[in-house]
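I have placed the structure first, in the form of structure tokens, so that the comments after it can refer back to it.
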Amino acid sequence: MLRPVPILIAAIMVLAACTVGGGADGSSGAPAASPADRSGEPGAGNSDSSPAASGGGSLPASITDPIVADAATRLGVDPSAVTIVEAKTETFSDGSLGCPEPGMMYTQALVDGYQVVVEANGTQLDYRGSAPGKFRICTNP
């Protein structure tokens, strides 16, 4: 006779493992190191090569530089014209990174990540991510 409870538990564990592996944006759901661990990396904070941050933050250039480059391309300006308004680490309540999109499903677990708000020519863009190079623009905060 089969015991339904252990089989059900095993099935739930397999499904949970499948959903924890990736966020809706294709990222892994959690960075290799927590944002607090990255603050001690070389290049942490704003380097001379990064635009000055009026809102400040202690994110490494490996996170902010690709975001500044992306914003410059999207807004059609030189990267030096992009200002970092805010840059901070954050623990989001789920895989949506605090920016859910209608009709999408997200990992229901705490996700260490970051938020970077940039501005150029009066336009602000709100970036959210979970690892260096893994970011998206939040249009529905």
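Structural remarks
- In this label model, Thr139 and Ala81 are separated by 2.2 nm, measuring between points 7 Å along each Cα→Cβ vector.
- Annotation: segment 75-141 has a Kirkwood hydrodynamic radius of 12.7 angstrom, from the mean reciprocal C-alpha pair distance.
- Segment Leu110-Gln124, extension gain: residue separation times 0.36 nm, minus the distance between their alpha carbons: 2.4 nm
- Protection proxy ranking of 89-96, 75-82, 64-71 - average other beta-carbon atoms within 10 Å, highest first: 64-71, 89-96, 75-82
No lab work stands behind these numbers, since they all come straight from the coordinates. From a predicted model like this one, the values you see are computed outputs, not experimental measurements. Glycine gets a Cβ as well: all are built from the backbone with ideal geometry, and neighbour counts include every protein chain shown.
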